[in-house]
Amino acid sequence: MKTWIKVERAKRDMTQEDLAKAMKVSRQTINSIECDRYTPSVVLALRIADYFGRTVNEMFFLEENDLPE
């Protein structure tokens, strides 16, 4: 799963640490989501999307290899 978190952070001149504090998670969690090493829970995905004023579908998207065959 890919995400637009990094782009949205850049628009707001936010660091991973800034977002992590706002979401009450570690900076490493935000980094792992951005680097496609960790898929956030539905609750965290909803909180991130809401924080940026976006829908979950606008913030997160599947790549072809994420879809079942």
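The values are calculated or read from the model by the stated rules, or taken from the named source; none is laboratory data. Remember, predicted model here, so these are calculated numbers, not experimental data. As a convention, Cβ positions derive from the backbone with ideal geometry for all residues, glycine included, and neighbour counts pool all protein chains shown. For the accessible areas, the whole protein counts, side chains as well, though only heavy atoms, and no ligand, DNA or RNA atoms are used. Shrake-Rupley method; radii C 1.70, N 1.55, O 1.52, S 1.80 Å.
Things to note:
- Residue match in region 9-23 (condition: of a type in the set (A, V, I, L, M) and in contact with a strand residue (DSSP E or B) (Cβ under 6 Å, 6 or more places away or on another chain)): no
- Residue, most open to solvent (accessible area, probe 1.4 Å), within region 24-58, restricted to residues that are within 19 Å of MET1 (Cα to Cα) and of a type in the set (S, T, N, Q): ASN57
- Selected residue (only one of ASP13, ASP66 is more than 10 Å from the chain's Cα centre (by Cα) and open to solvent by 70 Å² or more (accessible area, probe 1.4 Å)): ASP13
- Exclusive hit being modelled with pLDDT under 95 and surrounded by 10 or more Cβ atoms within 10 Å (Cβ to Cβ), set LYS2, LYS21: LYS2
- Those residues of region 3-22 which are touching a helix residue (DSSP H, G or I) at 6+ places or on another chain (Cβ under 7 Å), free of Cβ contacts under 8 Å to residues at least 40 places away in the same chain and of a type in the set (A, V, I, L, M, F, W, C), in sequence order: LEU19, ALA20, ALA22
- Residue pairs whose Cβ atoms lie under 7 Å apart, sitting 6 or more positions apart in sequence or on different chains, and linking a residue in region 44-69 that is in contact (Cβ under 8 Å) with a residue 40 or more places away in the chain to a partner that is exposed (fewer than 15 other Cβ atoms within 10 Å of the Cβ) and part of a strand (DSSP E or B), are PHE61/LYS2; GLU63/LYS2.
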